[in-house]
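**Q** Structure incoming, see below.
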Amino acid sequence: MIQAPADNRAPDDEIMIDLLGTNGWLWIAAALYLAAFLSSAVAMARAHVRSRSLMLGLVFSGLVAQTIGLYLRGLEAGGCPVRNEFEIVQFVVWSFTVLYVIVGPTFRVSMLGFFTSGLAVILSIASLLVPSWDTPGVEPVFGGEPWIEIHATLALFSYGAFGTLAITSLMFLLQNYSLKKKRLRGLFSLLPSLVDLEKMNFRILATGLAGLTFALVVGGVFYHRDPASVAASKLLAATAVWFAYLVAFVLRISRRLVGGTLAWTCLALFAAALLSLRLINTGGKPAPAPAATLRIEQKDSPTVLPADS
C-alpha cells in the first residue's frame, strides 16, 4: 500500500499574509485611511450624507489591515509591538482609530471620522517613511512579565484617547469660529454643537487620564520593586504627560479651564505627548552579541576556543 506524502504546505491565507509582510499590511491600512479621508472630503463638498457608511467601512477595513500588521509585529516581538518609535506611533494610530469605530457610530458624529482618518493618514505615512524609527528588533521587550505589558499597552492606548481628544478639540475650535464669524454652511454645518463637543471632550479626557493613571500605578510598582524592569526615561515621560493632563482635568472640573481655552490646551498637550514618544523606551534590552572567540593558529588546523576559557 502506497502512502501519500504529507502535505506540509501552509494554507493560502497564511501564504498571503506572509507575502504582504508586516509593513505591507500597514501600507494597505494607510491607503485605506487615505481613501476614507478623501471620500469623506468629497462627500462633504457635495453634501452627500449617505457616504458616511462608506467612510466608516473604509476606516474599519484599514483598522483590520493595521491589526494584522501589528499582530505580525507582535509575533516577532514576543508581546505587544512597541519596541521602537515606528511601532509606538502605529499603535497610537490603531488606538484612536479603535476609539472612533466604537464612539463614532454611537454619537453619530460624521466629522469625527473625517478628522480621525486624516490624522491616521499623517501619522501612519510619516512613520512608514522614516526608516530610522524602525530600529532592529530586540529581545522580548517585557521579559515575560504580563503586568509590564499591560502597563505599556494601556499607556499607549491612553495616548490614543488623547489623540481623539485633540480631534474633538479641533472640532470645537472650528465650530466656535463658525459661530463667531456666522459661517454656518458647508463644513461648519456638519459639526456638532459646542455643548455636545464640550461633553465629549470632558469624557474623553477623563477616560484617557484614568487609563494612564492605572498604567503608571502598575509601572510605579514594578519600578519600586525592580528599577531595572522599567526604563526610567519611559516612566518620567509618561508621568510628565499624566501630570499635564491631570492639571487640565482638575482645572476643567473647577470650571477654570473651559471652552476654547481647554480645546487649545488639549491640542498643545497632544503635540507634547507625541514629542515625548521619542523618550519612551519599552525597556527592551538589545539582543546579546555573539560570544567572542579567540582563534589560535596552529600548523595543522586552526582551533577556536571561547574567549573566557
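The values are calculated or read from the model by the stated rules, or taken from the named source; none is laboratory data. All of these numbers come straight from a predicted model, not from anything done at the bench. Cβ atoms come from the backbone with ideal geometry, glycine included; neighbour counts cover every protein chain shown.
**Q** Which of the residues that make up the range 242-259 are closer than 20 Å to Ala271 by Cα and charged (D, E, K, R)?
**A** Correct list: Arg252 only.
**Q** Which ones in the range 241-293 are over 20 Å from the mean Cα position of the chain (by Cα), modelled with pLDDT of 70 or more and β-branched (Val, Ile, Thr)?
**A** Val247, Val250, Ile253, Val258, Thr261, Thr265
**Q** So Gly259 fits all but one of (1) more than 28 Å from Val89 (Cβ to Cβ); (2) buried (at least 19 other Cβ atoms within 10 Å of the Cβ); (3) of a type outside the set (Val, Ile, Thr); (4) in contact (Cβ under 8 Å) with a residue 60 or more places away in the chain; what number is the exception?
**A** So Gly259 meets the others, but not (2).
Let's see how each residue does on (1) touching a helix residue (DSSP H, G or I) at 6+ places or on another chain (Cβ under 8 Å); (2) surrounded by fewer than 22 Cβ atoms within 10 Å (Cβ to Cβ); (3) within 19 Å of Thr22 (Cβ to Cβ):
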{"residue": "Leu56", "(1), (2), (3)": "yes, yes, no"}
{"residue": "Glu87", "(1), (2), (3)": "yes, no, yes"}
{"residue": "Val92", "(1), (2), (3)": "yes, no, yes"}
{"residue": "Ile102", "(1), (2), (3)": "no, yes, no"}
{"residue": "Ser117", "(1), (2), (3)": "yes, no, no"}
{"residue": "Ile122", "(1), (2), (3)": "no, yes, no"}
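**Q** Continuing with this model, one more query. Among the residues of the range 149-191, what is the count of those that are outside any helix (DSSP H, G or I) and crowded, with 16+ Cβ neighbours inside 10 Å?
**A** In the first step, residues of the range 149-191 are kept if they are outside any helix (DSSP H, G or I); the result is 182-185, 191.
Within this subset, residues satisfying the condition of being crowded, with 16+ Cβ neighbours inside 10 Å are 191.
Adding up the residues that qualify gives 1.
**Q** I need every pair where a residue in the range 117-128 that is in a helix (DSSP H, G or I) has its Cβ under 7 Å from the Cβ of a residue that is of a type in the set (Gly, Ala, Ser) and buried (at least 22 other Cβ atoms within 10 Å of the Cβ), sequence separation at least 6 or different chains.
**A** Listed pairs, sorted by first residue: Ser117/Ala36; Ser117/Ser40; Leu119/Gly163; Val121/Ala30; Ser124/Ala29; Ser124/Ala30; Ile125/Ala30; Leu128/Ala30.
**Q** Next question. Within the bounds of the range 45-58, is there any residue that is assigned to a helix (DSSP H, G or I), at pLDDT 85 or above and touching a Lys or Arg at 6+ places or on another chain (Cβ under 9 Å)?
**A** Checking the range 45-58: not a single residue is assigned to a helix (DSSP H, G or I), at pLDDT 85 or above and touching a Lys or Arg at 6+ places or on another chain (Cβ under 9 Å).
**Q** Continuing with this model, one more query. Which residues, taken from the range 74-85, are surrounded by 22 or more Cβ atoms within 10 Å (Cβ to Cβ) and more than 17 Å from Phe157 (Cα to Cα)?
**A** Result: Ala77, single match.
**Q** Further question: Restricting the range 192-219 to residues that are buried (at least 21 other Cβ atoms within 10 Å of the Cβ) and in contact with a Lys or Arg (Cβ under 9 Å, 6 or more places away or on another chain), which is farthest from Val42 (Cα to Cα)?
**A** Looking at the filtered set, the residue picked out is Gly219.
**Q** Would you be able to tell me the number of residues in the range 69-106 that are within 19 Å of Phe37 (Cα to Cα) and at pLDDT below 90?
**A** So the answer is 7.
**Q** Given the conditions (1) among the polar types (S, T, N, Q); (2) at pLDDT below 90; (3) surrounded by 15 or more Cβ atoms within 10 Å (Cβ to Cβ); (4) in contact with a Leu (Cβ under 8 Å, 6 or more places away or on another chain), which single one is not true for Ser233?
**A** Condition (3) is where Ser233 drops out.
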